[in-house]
Amino acid sequence: MKAYEMLVENLNKCPGNQMRDTEIREIETEDLEAYVKSLHKDKKMSVDKEVMNDGSVVFHLDLSGTLIRYTFTEI
C-alpha cells in the first residue's frame, strides 16, 4: 500500500467566517478515490479529482452544499 499525507479542508461558505477547518493525517491506501468516497459513503456527493503538477492529488467534494477538499501527497 502507498502512504500519503492527507490534508482535509472544510470550506466554510458563511460570509462572516472565512476560516477553514483543517486537519492533517497520514493514511495508507491503494485507491484514493475509493478511500475518499468511503469517508462519506452514506451521503449524496459530487466529486471532482485534480492531479497537480507536483504529483499531489486533490479531491473537491460537494456534500449537498458542504464543501470539503482533500489533498493527498505521497510520502
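The figures follow:
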quantity	calculated
Residue in region 40-56 that is closer than 13 Å to residue 6 by Cα and under 10 Å from the mean Cα position of the chain (by Cα) present	no
Selection within region 39-53 - modelled with pLDDT under 95 and not aliphatic (A, V, I, L, M)	40, 41, 42, 43, 44, 46
Cross-chain or 6+ apart pairs with Cβ under 6 Å, region 14-33 first and modelled with pLDDT under 95, then of a type in the set (D, E, K, R) and not in a loop (DSSP other than H, G, I, E, B)	20/9; 22/9
Scope region 61-75; condition under 21 Å from residue 2 (Cβ atoms) and open to solvent by 20 Å² or more (accessible area, probe 1.4 Å); matching residues	69, 71, 73, 74, 75
Tabulated pairs, region 52-75, first without any contact (Cβ under 8 Å) to a residue 40 or more places away in the chain and closer than 13 Å to residue 10 by Cα, second of a type in the set (Ser, Thr, Tyr) and open to solvent by less than 20 Å² (accessible area, probe 1.4 Å), C-beta under 6 angstrom, 6+ apart or interchain	59/70
Test: residue in region 59-66 that is of a type in the set (D, E, K, R) and part of a strand (DSSP E or B)	yes
Residue count for region 20-53, restricted to those that are open to solvent by 60 Å² or more (accessible area, probe 1.4 Å), assigned to a strand (DSSP E or B) and aliphatic (A, V, I, L, M)	2
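The values are calculated or read from the model by the stated rules, or taken from the named source; none is laboratory data. Quantities reported herein were computed from a predicted structural model and do not represent experimental measurements. Cβ coordinates were reconstructed from backbone atoms using ideal geometry, including for glycine residues, and neighbour counts include every protein chain displayed. Accessible surface areas use protein heavy atoms only, side chains included; no ligands, DNA or RNA. Shrake-Rupley method; radii C 1.70, N 1.55, O 1.52, S 1.80 Å.
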